[in-house]
Amino acid sequence: MDFKALFSQLVVFYGKLTQAQKTIIGAAVAGIVAFLIFLIVYTSDTPESEKEGYQVLFDQLSAQDAAQVVDQLEKDKIPYRIVRDNVIEVPKEVVYKERITIASMGIPKEGHVGFELFDKQEFGATSFDQEVKFRRALEGELARSIDSLSPVEKSSVSLALPKETLFVSEAVPPSASVMVQLYADRQLNSKQIRGIKKLVASAVPKLTPENVALINSEGETLGDNDAASAMGELSSMQQLYKTKEEKKLEEKINNVLSPFIGGKDRVVAKVTVDYDFSEQSSTSEKFDPENVVRSEQTLEEKREGGSAAPVGGVPGAVSNIAPVEGLANSGSGEKYEKTSGTTNYEISKTVSTTKLAFARVKRITAAVVVDGKYVPKKGSDDKPTEEMEYVALDQTQLDAIDSLVKQSIGIDEARGDLVSIRNFEFQTTKAGMEPKDAASRTSEFVATYLAPFSPVFKYLLVALILFVAYRKIIFPFAERMLEFSRDEEELEKPNLEIADDQDEDLVEKVQQMRKKVENQLGLGDGFNEEELKYDVILEKVREIAEEHPDEISSLIQALIEEESTPNEAQKR
């Protein structure tokens, strides 16, 4: 794109405009530029302090750190100002240098010290020093964890860890205290309070959440009513569960009855479910009557044969002599057997632990109201009219509805569940059945057929407004802006015919010729451009007359005849 030619064309176009058109264009451009400047200057997010040359050096400092930072700035002779609590600002050109200088001095110090205390080992440290360091590190780590909660600005944790003893009666349980400073307009809820206590208790052996005291910066104790809060949350959860289940049953009844009743707006169902939310668990042992042999022992003894006959008689020679061979043996034979057995049986048993559900249904009651039927009312001549008449449902239909409701929501009469079905005339349905006038039909047609397309109508309305604005405002203004340019072109075309190869350099030639004429005539800034145009046109006509004298003479003669003809007609 030739920007030089484009700029030249814009200059020529602007020169052809009238004074009113130039004023309008200038005012429009000035308004746009002023609006852009307003957006850039007055809506920027630059803080007021940065506009004045100051920038934040440190913020969220403790009082001790802020005092040390101020002392260091006074030593370095750096101007500063404190815009709000512990927020220090310095000139923008020295903010990074001072930040590095002060940070190298260990300022600001970190609020909590954790287990980094053990990064450096001190020679000669006693066990007491190590215990104190461990407690400080543990307190710092817990405080850091508590500070991560969104409502907490800063916190402090103190642990009381008694020495361990061998005597159980003299043992003292550990305890802890936590102080939290909250941000403005923020509070800790019951879950967060219990979470802080459990966090501290879990970090210390033998520490229970009951031995953790939690207070805020105003000295108010937090979490004393943990049991009440827990019960309140449990009650809310139970009520929410109950309401949710009742809504499900009501929706089931509406879905079952609405198709043949005539819509969901003609059925009203309310269900109440009584739940048992008590926590119960049971353990049972069952013994198997069929015995199973675990072990068996059998002992068997057996002996055969007789023992020698004892020698006896009257003391004397005969009794002392051994039996004489050939004499009959007076002993009897012996046979002994013994069997014993032991059998051990295993008694089998089954141990089962059962935990009941979170909510158990005790009783369900449902109340259902349904609308009747509407038929055209008959006139005096037994012909149907436009007016509708209400007809109640018969008992057979009500029994069918009762059966459907019971099956849909699982009614158990043995449990004591109850369902009540009633048939009434709905006033809203009756009003809708009445004959409608023209206005009502029109509004119903609009709501039914045109309302779904309302977003499309919005865009069409905006497009119509833009089109009217273009046709009535922008287009006429553009026509008036270009009217002067078209008039000039129409006047120039019959007088001068310029070749195509001269169009590109026409503007430059005119400018060069103007400068040349000004230099020749010695004219300054007050030179008239219209006179220059007249001179250029006159010179061009003179060249054409010299090249084509016959055509010029014919043209002049035709003009004289046209001028003389109206004068003669007026004389006659």
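Of note:
- Taken as a whole, the stretch 194-211 holds no residue that is in contact with a strand residue (DSSP E or B) (Cβ under 7 Å, 6 or more places away or on another chain), modelled with pLDDT under 90 and open to solvent by 70 Å² or more (accessible area, probe 1.4 Å).
- Tallying residues that are surrounded by 13 or more Cβ atoms within 10 Å (Cβ to Cβ), in contact with a strand residue (DSSP E or B) (Cβ under 8 Å, 6 or more places away or on another chain) and modelled with pLDDT of 80 or more within the stretch 71-84 yields 3.
- Listed here are the strands (runs of 3 or more DSSP E) enclosed by the stretch 297-410 that have at least 1 residues being open to solvent by 70 Å² or more (accessible area, probe 1.4 Å) and modelled with pLDDT under 75: 335-346, 384-391.
- Scanning the stretch 257-277 for residues that are without any contact (Cβ under 8 Å) to a residue 24 or more places away in the chain and open to solvent by less than 50 Å² (accessible area, probe 1.4 Å) turns up Ser258, Gly263.
- The residue that is nearest to the chain's Cα centre (by Cα), counting only those in the stretch 132-142 that are more than 17 Å from Leu207 (Cα to Cα) and buried (at least 17 other Cβ atoms within 10 Å of the Cβ), is Gly140.
- All of (1) under 19 Å from Asp224 (Cα atoms); (2) among the small types (Gly, Ala, Ser); (3) open to solvent by 50 Å² or more (accessible area, probe 1.4 Å); (4) touching a helix residue (DSSP H, G or I) at 6+ places or on another chain (Cβ under 7 Å) hold for Ser177 with one exception: (4).
- Every condition in (1) closer than 29 Å to Lys206 by Cβ; (2) buried (at least 16 other Cβ atoms within 10 Å of the Cβ); (3) modelled with pLDDT under 85 holds for Val94 except the one numbered (1).
- Qualifying residue in the stretch 99-110 (condition: at pLDDT 80 or above, open to solvent by 90 Å² or more (accessible area, probe 1.4 Å) and among the aliphatic types (A, V, I, L, M)): yes
- Cβ pairs under 6 Å, 6+ apart, first in the stretch 136-164 and under 19 Å from Asn211 (Cα atoms), second of a type in the set (Lys, Arg): Leu159/Arg135
- Candidates Lys197, Lys154: the one that is more than 26 Å from Phe118 (Cβ to Cβ), in contact with a helix residue (DSSP H, G or I) (Cβ under 8 Å, 6 or more places away or on another chain) and not in a loop (DSSP other than H, G, I, E, B) is Lys197.
- Any chance Phe167 is closer than 18 Å to Phe115 by Cα and aromatic (Phe, Trp, Tyr): no
- Of the numbered criteria (1) free of Cβ contacts under 8 Å to residues at least 60 places away in the same chain; (2) surrounded by 11 or more Cβ atoms within 10 Å (Cβ to Cβ); (3) more than 30 Å from Asn423 (Cβ to Cβ); (4) hydroxyl-bearing (Ser, Thr, Tyr), the one Tyr241 fails is (1).
- Ile32 satisfies every condition listed in (1) aliphatic (A, V, I, L, M); (2) modelled with pLDDT of 75 or more; (3) open to solvent by less than 80 Å² (accessible area, probe 1.4 Å) except (3).
The values are calculated or read from the model by the stated rules, or taken from the named source; none is laboratory data. Not measured: the values here are computed from a predicted model. All Cβ positions, glycine included, derive from the backbone under ideal geometry; neighbour counts span all protein chains shown. For the accessible areas, the whole protein counts, side chains as well, though only heavy atoms, and no ligand, DNA or RNA atoms are used. Shrake-Rupley method; radii C 1.70, N 1.55, O 1.52, S 1.80 Å.
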